[in-house]
1. Name the single residue, out of those in the range 223-244 being over 15 Å from the mean Cα position of the chain (by Cα) and outside any helix (DSSP H, G or I), that is nearest to Gly160 (Cα to Cα).
2. Residues that are assigned to a helix (DSSP H, G or I), in contact with an Asp or Glu (Cβ under 6 Å, 6 or more places away or on another chain) and under 18 Å from Ala139 (Cα atoms): does the range 190-211 have at least one?
3. Taking the conditions exactly as written (of a type outside the set (D, E, K, R) and within 27 Å of Ser144 (Cα to Cα)), does Val184 satisfy them or not?
4. Consider Ala245 carefully, then state whether it is touching a Leu at 6+ places or on another chain (Cβ under 8 Å), at pLDDT 95 or above and within 23 Å of Leu174 (Cβ to Cβ).
5. Going through Asp220, Asp263, Asp247 one at a time, which residue ends up being touching a Ser or Thr at 6+ places or on another chain (Cβ under 8 Å) and either assigned by TED's automatic domain parsing to the domain that holds Gly143 or assigned to a loop (DSSP other than H, G, I, E, B) (or both)?
6. Show the residue pairs meeting these rules: Cβ distance below 7 Å; 6+ apart or different chains; first residue within the range 69-80 and within 13 Å of Met199 (Cα to Cα) and outside the structural domain of Glu201 (by TED's automatic domain parsing); second residue in a helix (DSSP H, G or I) and at pLDDT below 65.
Amino acid sequence: MKLWPLVAVPSGVTTLTAAVTAFAGTVARIFVDETRDTSREQRLDLPGLVSSSVGVATYPEAGVQRSELVRVADIALYWAKAEGKSRVRVYRPDMGMVRQLMREPDRAARLRAAATLAKAVDARDAYTGRHSQRVAELAARIGSRLDLEPEQIELIRVAGSLHDLGKLAIPQELLCKSGQLSAVERRLLERHPEIGFQMLEPLEVEPVASWVLHHHERWDGGGYPGGLAGEHIPLAARILFVADAYDAMTDDRIYRPKLSRTDTLEELKEHAGTQFDPSVVAALIEELEGPARLAPVPLERQDEPRLRVVGMSA
């Protein structure tokens, strides 16, 4: 089924986002209904239910020329498709960066450029600051403690910087909510690994995309989105999970104050073997409390002229 961009020009400006979203949702439902009715009238043999995705551009925020509005609506449509079926997305300026990366012919360059996109995630959430960058560096240090190859450590560093990329599609008010999340809000937030994977998959940057997808899987199988357990979870994803948890607990959040390093490590040790891979937790503790070692240096800072990317999986 062909998916069409939608250009919406609402009359109100005081509640622009709400008006556009409501309008686009109505149009999407009409579009689905009419498509389904047409398929029935023409007796088309279509498997399953017909679905639609809608991208919305607003005038004059996203542009004043019709061609520009169509272009950015198409970018929003790409994001709507990436999030699943029957989705509606209103264009934001950071959405265009992913489409630009898809045109980059060099895989290593796509990885480096994609890592810079992760800064947009931290910029949207004033309470996490440089969270993605800190996770990237800590994950690389854990990988070094586990004696992984330099190329794999560098890929883990990139995956760490991109692990929350899917949160670009999560409403900012949800990311900054101080109160307890509802069940619906929790499910929406827990979709960010899948959204991140869907954003990275077209860039052909495996295994980074799969590591981002699985960075919330638990050692006991109680995580998401795949419910993987133990060594069925990629090692890099297990490393990201521990590094992410450590940085989250040692950083102030709107819903709770930060923990000390000692309390955080005790928390990680308590949940090693259930939530976290015990060997990764042990490597983190050794890295933070054991004998000092040289921190892994990003490959582009070494003598090599550029990042050498290899297709490795854990």
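1. Within the range 223-244, the match that is nearest to Gly160 (Cα to Cα) is Pro234.
2. yes
3. no
4. Judged against the criteria, Ala245 is a match.
5. Asp220
6. Ile75/Met95; Ile75/Gly96; Ile75/Arg99; Ala76/Met95; Tyr78/Arg99; Trp79/Met95
Here is a yes/no grid of residues against (1) at pLDDT below 90; (2) of a type in the set (Asp, Glu):
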site	(1), (2)
Ala229	no, no
Ala236	no, no
Arg253	yes, no
Leu265	no, no
Glu270	no, yes
Gly311	yes, no
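Residues checked against (1) at pLDDT 75 or above; (2) farther than 18 Å from Asp252 by Cβ; (3) surrounded by fewer than 22 Cβ atoms within 10 Å (Cβ to Cβ):
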position: Ala123; (1), (2), (3): no, no, yes
position: Ala126; (1), (2), (3): no, no, yes
position: Ala136; (1), (2), (3): yes, yes, no
position: Pro150; (1), (2), (3): yes, yes, yes
position: Glu154; (1), (2), (3): yes, yes, no
position: Cys176; (1), (2), (3): yes, no, yes
position: Ser182; (1), (2), (3): yes, yes, yes
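The values are calculated or read from the model by the stated rules, or taken from the named source; none is laboratory data. Since this is a predicted model, take the numbers as computed values, not measurements. Please note: Cβ atoms are built from the backbone with ideal geometry, for glycine as well, and neighbour counts cover all protein chains shown.
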